[in-house]
Every structure is written in structure tokens, then in C-alpha cells.
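**Q** My structure is below; once you've seen it, I'll send some questions.
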Amino acid sequence: MKRIIYTLIGLLTFSVSNAQELETLISEALNSNPEIQKFELQYSIASEKVNEVNTLPNTEFGVGYFVSEPETRTGAQRFKVSAKQMLPWFGNITARENYVSALADAKYEDIVIAKRKLMASVSQSYYNLYANKAKQDVLNENIKLLKTYEILALTSVEVGKASAVDVLRLQMRQNEMQQLLDVLSRQFLAEQTTLNKLLNRDKDVEVSVVNELIIPSEDFEITSENLDLHPELLKFDKLYQSVEQSELLNQKESSPMIGFGLDYINVDKRPNMDFSDNGKDIIMPMVSLSIPIFNNKYKSQTKQNELQQQEILAQKQERTNTLETLLDKAINDKVSSRISYKTQAKNLKQAKDAEQILIKNYETGTIDFNDVLDIQELQLKFQMNQIESVKTYYVQTTIINYLTQQ
């Protein structure tokens, strides 16, 4: 089970500190998330039902008193005591146990599915926090850069090489960035709450994320064949097997039931008579047979089981198609994020080169602050896109691992 739980973490490529932090968060979530506990309790209940069905029908006891005592040759009958036990046909109880065990096996897959989904949710929330924090860092850097440009603009105004409008434009741009920074700060708290609640802890617990994530130079091989062994699909196989066990149980229950019983009748002695059996009590063993002559119920159940199996196969095929679509989309989005990252890196380098040219122009005595703002806006755009590409890469990797890892 541990191998299944931590495969996703081991295959993600990022810094060691990040891997340890994310692994810790996932481990805590698996141990404390109430949804996981819910499915584990449901599985325990389903497993306990095996003991419930491993029983015989109730033993029947009866007591009767003769108000009008019938006379027999050996004396008057006073009261009657009877006991009866019905027994199911051979293999019936075993068939019940197998059916309930099959249902429990299907319920166990709910635990595996829930754990996989929880791991993916924790990972995705973690990467959202990383992207948010990285964007805040970028905004802070750009605000500092604009402050530097503002100082240059003020100096240029003093010597008559720039107007006060340039200074105001730079200040307004800083205000816009500060607004974005404040919004991101609130969004970070909201996402932090989401992650903390996945871990079933107080929403205000501070979550620390890695400072930098990079897209690795090479990707691990994606084996789509493993999709056939995904727990969401295995559950349909388990459900199909449970219906098979249900039909075997149905066949057993359509068999006769045999019963064994014993009647005891108390007899009084006949007065003024002396013979060997005078007052002898009556003991009468009994055997009974319960035959389901009208068995339309069992025929209908057989037909229902056949239809249910067809439904399960259709549901499995539908879910297989959905998972294959999700996997293909995740793979393509992951490749696209790598392409986008490289493009943004190239654009960012060119924007920085343009920035250096503007700085050199200032040294020669000329600078266009409109160009400064344009270049700064482009840099911010490329930096933000680059962060989104990194986040998308890791989020899609999480989805791929959810779909393919064993």
C-alpha cells in the first residue's frame, strides 16, 4: 500500500526540500482526512457483514397447553413442547459469505481511489500556492524596479529631459502592481485554507512552499497500459465479480431447505389402570422440506443479474474512455507547458536586453519612459506566463500519475 501511495511523489522531479515538504503534507492528509476515514469505516462495515451472513435461520420453539385434554390409550395429553431448525442447502452459507466478501472487495477500491484523489488534490493545491507565491515575488521585484525608474524620471524632470507625466505614469503602474499583489495575497490565504482543510487542520496554519520549481530536462516514460489497472476500473471488475457471486447465491437459495424438529407431549397416567405404557410421554422427531415450487422470484433475479453485468461493462467502458481522454489531454498540456516555458524564457531574455539598451540610453542622456513602461509590462507578462507554465507542468504531471501509477 505504501508503494502505491508514494509512487506519485517519487516520480515528480523537483528540489529535495520540496519533495520532503509535499510528502509530509500528503502523509498527514492520508492519516487525517475525514473522507478517507469515511471510506475505511464503510469497508470495515462491509467486511463485518461476512459474520452477519454466516448464520443459520432462527431455531423455532413452541409450547402448547391442551385446554381440552385429548385422551389416548396411555393417558390424557397435558401440554406440548416443540423445537424446529431449518437448514439451508449445502453451500448456501458459503455462497453468502463469498457474495458479501466480493462487495467488500469492491468497497476497498473506494479507499484506494479516494487516497489517489486526495494525493492529487494536495499536490495541485501545493502547486497553486507555489505559483501564487512566485507571482508575488515577481510583482515585488517589478515594483522595486519601477521605483528605480521613478527616481530616474524625477532626476530627468529636474534637468528638463522628462515631464511630470512620466513620473505619474510610473507611479500609476506601481499602484496597479500593488493592487495585483494584494489580490494575490488574499488568494494565497484562500488556497492555504483549501490545503489545510484537505489535511483536516485549522485553516490558519501556515503552509511553506518551495522557493523555485524548474521543469526537468527530460520526462519520465508514460505507460498508458497501466490505465487498465486503475482502481476506478478495477472497481468495475470487482462489482462484476460481486454480481457473479450474487447469481451463485441466487442459485443456492432456489434450492430446497431441510428442517429437523422434535415434539414432546406430556401424558398423564390413566387412573386405576396398570399397564406398561401408562402415562408414557410422546417424543416425535420430525423432518421437513421447504421446496420453492413457485420460483419466478429466482428466475427474475437471474435476469436482473445478467442485466446488471451488462450495465457494469458499459459503465466500465464509459469510464475507460473518460480516463483515456483525461490522460491524453494531460500529456498534451504537459508538453505544451514545456514549449510555453521555453518561449517565455526566450522572450524574457529579449525583454531584458531591451531594458539594458534603455538604461544605456539614459547614460547618454536620452530615455523614453513610455518605452520603459512597455518593456516592464512585457517582462511582467513573460514572467507570469513562465510561472503558469511551471505550475501547469507539475499539475499535469500529478494528473498523469493519478491515472497511470500503480
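**Q** Quickly run through segment 96-129 and pick out the residues that are buried (at least 21 other Cβ atoms within 10 Å of the Cβ) and of a type in the set (Phe, Trp, Tyr).
**A** Scanning segment 96-129 gives Tyr99, Tyr126, Tyr127.
**Q** Looking only at segment 215-225, decide whether some residue is touching a residue at least 12 places away in the same chain (Cβ under 8 Å), surrounded by 14 or more Cβ atoms within 10 Å (Cβ to Cβ) and within 30 Å of Ala106 (Cα to Cα). Break it down into steps so the answer makes sense when it comes.
**A** As a first pass, look at segment 215-225 and keep what is touching a residue at least 12 places away in the same chain (Cβ under 8 Å): 215-216, 219-220, 222-224.
Then keep just the ones that are surrounded by 14 or more Cβ atoms within 10 Å (Cβ to Cβ); that gives 215, 219, 222, 224.
In the following step, the residues that additionally are within 30 Å of Ala106 (Cα to Cα) were identified as 222, 224.
Scanning segment 215-225, I find at least one residue that is touching a residue at least 12 places away in the same chain (Cβ under 8 Å), surrounded by 14 or more Cβ atoms within 10 Å (Cβ to Cβ) and within 30 Å of Ala106 (Cα to Cα), so the answer is yes.
**Q** Then there is this: Within segment 359-386, how many residues turn out to be outside any helix (DSSP H, G or I) and either closer than 21 Å to Val165 by Cβ or of a type in the set (A, V, I, L, M) (or both)? Give the steps one after another, and end with the answer.
**A** Step one: list which residues in segment 359-386 are outside any helix (DSSP H, G or I), which gives 364-368.
Now restrict to residues that are either closer than 21 Å to Val165 by Cβ or of a type in the set (A, V, I, L, M) (or both): 365-368.
Selection size over segment 359-386: 4.
**Q** Right, something else. Please count how many residues of segment 37-55 are polar (S, T, N, Q), in a helix (DSSP H, G or I) and in contact (Cβ under 8 Å) with a residue 40 or more places away in the chain. I'd like the intermediate steps shown before the answer.
**A** Taking segment 37-55 as the starting set, the residues that turn out to be polar (S, T, N, Q) are 37, 42, 44, 47, 51, 54-55.
Now narrow it down to the ones that are in a helix (DSSP H, G or I): 37, 42, 44, 47, 51.
Checking the rest, the ones that are also in contact (Cβ under 8 Å) with a residue 40 or more places away in the chain come to 42, 47.
Result for segment 37-55: 2.
**Q** Could we say that Ile312 is modelled with pLDDT under 95 and either surrounded by 13 or more Cβ atoms within 10 Å (Cβ to Cβ) or in contact with a helix residue (DSSP H, G or I) (Cβ under 8 Å, 6 or more places away or on another chain) (or both) here?
**A** On the way: modelled with pLDDT under 95: no; either surrounded by 13 or more Cβ atoms within 10 Å (Cβ to Cβ) or in contact with a helix residue (DSSP H, G or I) (Cβ under 8 Å, 6 or more places away or on another chain) (or both): yes.
No; evaluated as a whole, the condition is false for this residue.
**Q** Suppose we filter Val67, Val63 for residues that are at pLDDT below 85 and out of contact with any Leu (no Cβ under 8 Å at 6 or more places or on another chain); which single one remains? Can you show your working first?
**A** Numbers: Val63 fails: at pLDDT below 85.
Val67 is the lone residue from the list that is at pLDDT below 85 and out of contact with any Leu (no Cβ under 8 Å at 6 or more places or on another chain).
**Q** Within segment 199-207, does at least one residue satisfy the condition of being exposed (fewer than 15 other Cβ atoms within 10 Å of the Cβ), without any contact (Cβ under 8 Å) to a residue 12 or more places away in the chain and in contact with a Ser or Thr (Cβ under 7 Å, 6 or more places away or on another chain)?
**A** Checked against the condition, which is being exposed (fewer than 15 other Cβ atoms within 10 Å of the Cβ), without any contact (Cβ under 8 Å) to a residue 12 or more places away in the chain and in contact with a Ser or Thr (Cβ under 7 Å, 6 or more places away or on another chain), segment 199-207 yields at least one hit.
**Q** Residue check: is Ala351 assigned to a helix (DSSP H, G or I), of a type in the set (A, V, I, L, M), more than 30 Å from Phe260 (Cβ to Cβ) and at pLDDT 95 or above?
**A** Criteria not met by Ala351.
**Q** Could you please let me know if Gly91 is small (Gly, Ala, Ser), touching a strand residue (DSSP E or B) at 6+ places or on another chain (Cβ under 8 Å) and on the phi > 0 side of the Ramachandran plot? So that I can check it myself, show each step before the final result.
**A** Working: small (Gly, Ala, Ser): yes; touching a strand residue (DSSP E or B) at 6+ places or on another chain (Cβ under 8 Å): no; on the phi > 0 side of the Ramachandran plot: yes.
The answer is no for Gly91.
**Q** Does segment 182-196 include one or more residues that are without any contact (Cβ under 8 Å) to a residue 24 or more places away in the chain, closer than 20 Å to Thr398 by Cα and either within 24 Å of the chain's Cα centre (by Cα) or assigned to a helix (DSSP H, G or I) (or both)? Show your work before the answer.
**A** Just the residues of segment 182-196 that are without any contact (Cβ under 8 Å) to a residue 24 or more places away in the chain, to begin with: 182-183, 186, 189-190, 193, 196.
Now drop any that are not closer than 20 Å to Thr398 by Cα, which leaves 196.
Retained after the next criterion (residues that are either within 24 Å of the chain's Cα centre (by Cα) or assigned to a helix (DSSP H, G or I) (or both)): 196.
Checked segment 182-196: at least one residue is without any contact (Cβ under 8 Å) to a residue 24 or more places away in the chain, closer than 20 Å to Thr398 by Cα and either within 24 Å of the chain's Cα centre (by Cα) or assigned to a helix (DSSP H, G or I) (or both).
**Q** Restrict the check to segment 315-331 and report whether at least one residue is of a type in the set (A, V, I, L, M) and over 30 Å from the mean Cα position of the chain (by Cα). Talk me through it step by step, then tell me what you get.
**A** The initial filter retains those residues of segment 315-331 that are of a type in the set (A, V, I, L, M), namely 323, 326-327, 330-331.
Among the residues that remain, those that are also over 30 Å from the mean Cα position of the chain (by Cα) are: none.
There is no residue in segment 315-331 that is of a type in the set (A, V, I, L, M) and over 30 Å from the mean Cα position of the chain (by Cα).
**Q** Within segment 236-257, track down each residue that is of a type in the set (A, V, I, L, M, F, W, C), assigned to a helix (DSSP H, G or I) and more than 14 Å from Glu311 (Cβ to Cβ). Let's see the steps before the verdict.
**A** Within segment 236-257, the subset of a type in the set (A, V, I, L, M, F, W, C) is 236, 239, 243, 248-249, 257.
Among the residues that remain, those that are also assigned to a helix (DSSP H, G or I) are: 236, 239, 243, 248-249.
Matches in segment 236-257: Leu248, Leu249.
The values are calculated or read from the model by the stated rules, or taken from the named source; none is laboratory data. Keep in mind it's a predicted model, so treat the numbers as computed, not measured. Every residue, glycine among them, receives a Cβ derived from its backbone with ideal geometry; neighbour counts consider all protein chains shown.
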